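The values are calculated or read from the model by the stated rules, or taken from the named source; none is laboratory data. It should be emphasised that the depicted structure is a prediction, and the values quoted were computed from it without experimental measurement. Counting neighbours? That spans all protein chains shown, and the Cβs are built from the backbone with ideal geometry, glycine included.
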Amino acid sequence: MLFMSAFRRNERDVIYLYNTFSKLMQTTTGGDMLNFGYWDKETKSPLEAQYTLSNIIGDFASLNTAKTIIDVGSGYSSPALQWKVQNNLLQIICININFQQLRYAIKNSSRKSIKDKDKSFIQVTKKIF
Ligand SMILES: C[S@@+](CC[C@H](N)C(=O)[O-])C[C@H]1O[C@@H](n2cnc3c(N)ncnc32)[C@H](O)[C@@H]1O
C-alpha cells in the first residue's frame with residue numbers, strides 16, 4: 001500500500017496503477033475484487049476474505065432493506081454485484097474513474113443477468129471547481 005501511495009500523484013497515475021496491478025490481483029485471488037478482504041482464524045483464502053468483507057459491509061449497511069447503493073471506487077464492481085445478487089430489490093450505481101474496469105463490470109453484470117434498470121455504471125473525472 002505504501003508502494004502504491006508513493007506513485008499515486010494524479011488521476012492518470014491511479015488508473016495506470018490499477019491497470020498494471022489488477023490482473024495480478026485477479027490471478028492471485030481467482031476473483032474480481034480489488035481489496036484484501038476480512039480475515040479471521042477460519043479464513044482459508046483471499047477470495048473467502050473478500051466475500052466475507054462484502055458480507056460484513058452488506059449487513060452493516062442493512063442492504064436487505066435498501067433500495068439503492070452507490071459504490072464509489074467500484075473496481076470491477078464485484079462487491080456491488082455480490083450485493084445485488086444477494087438483495088434482489090437493490091439497484092446498484094457503480095462509480096469509477098477507470099473506464100476499463102467499468103467496461104469489464106458491465107460485461108460481468110450481464111453474465112449475472114442483472115437487468116439494465118437495476119444497474120448504472122458511471123465514469124467520473126476530476127472535480128473542475
Ligand atoms: C482498492 S480498489 C477497490 C475496488 C472495489 N471497491 C473492490 O473492493 O473490489 C479502488 C477503486 O477506486 C477507484 N478510484 C480511485 N480513485 C477514485 C476516484 N477519485 N473516484 C472514483 N473512483 C476512484 C479505482 O479505479 C479502483 O477501481
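Things to note:
- Scanning the stretch 50-71 for residues that are hydrophobic (A, V, I, L, M, F, W, C) and either assigned to a loop (DSSP other than H, G, I, E, B) or more than 14 Å from the chain's Cα centre (by Cα) (or both) gives I56, F60, A61, L63, A66.
- Counting only residues that are part of a loop (DSSP other than H, G, I, E, B) and crowded, with 16+ Cβ neighbours inside 10 Å, the stretch 87-99 holds 4 of them.
- Members of the stretch 100-129 that are under 15 Å from the mean Cα position of the chain (by Cα), surrounded by fewer than 13 Cβ atoms within 10 Å (Cβ to Cβ) and part of a helix (DSSP H, G or I): K107
So that you can scan it fast, the table gives a plain yes or no per residue for (1) loosely packed, with under 12 Cβ neighbours inside 10 Å; (2) closer than 16 Å to N55 by Cβ; (3) at pLDDT 95 or above:
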position: M4; (1), (2), (3): no, no, no
position: L17; (1), (2), (3): no, no, no
position: G31; (1), (2), (3): no, yes, yes
position: L34; (1), (2), (3): no, no, yes
position: W39; (1), (2), (3): no, yes, yes
position: T43; (1), (2), (3): no, yes, yes
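- Scanning the stretch 72-129 for residues that are hydroxyl-bearing (S, T, Y) and at pLDDT 95 or above yields S74, Y76, S77, S78, Y104, S109, S110, S113, S120.
- Unmet criterion (only one of (1) more than 9 Å from the ligand (Cβ to nearest atom); (2) under 25 Å from S110 (Cα atoms); (3) not β-branched (V, I, T)) for A80: (1)
- When the stretch 99-120 is limited to residues that are of a type in the set (S, T, N, Q) and out of contact with any Phe, Trp or Tyr (no Cβ under 9 Å at 6 or more places or on another chain), the one that is nearest to the ligand (Cβ to nearest atom) turns out to be S120.
- Among residues that are free of Cβ contacts under 8 Å to residues at least 40 places away in the same chain, part of a loop (DSSP other than H, G, I, E, B), out of contact with any Asp or Glu (no Cβ under 6 Å at 6 or more places or on another chain) and within 11 Å of the ligand (Cβ to nearest atom), F21 is not included.
- S74 being surrounded by 16 or more Cβ atoms within 10 Å (Cβ to Cβ), within 9 Å of the ligand (Cβ to nearest atom) and in a loop (DSSP other than H, G, I, E, B): yes
- Hey, N96 within 13 Å of the ligand (Cβ to nearest atom) and either under 13 Å from the mean Cα position of the chain (by Cα) or over 19 Å from N19 (Cα atoms) (or both) or not: yes
- The residue that is farthest from G30 (Cα to Cα), counting only those in the stretch 47-71 that are small (G, A, S) and either away from the ligand (no atom under 12 Å from the Cβ) or surrounded by fewer than 18 Cβ atoms within 10 Å (Cβ to Cβ) (or both), is A66.
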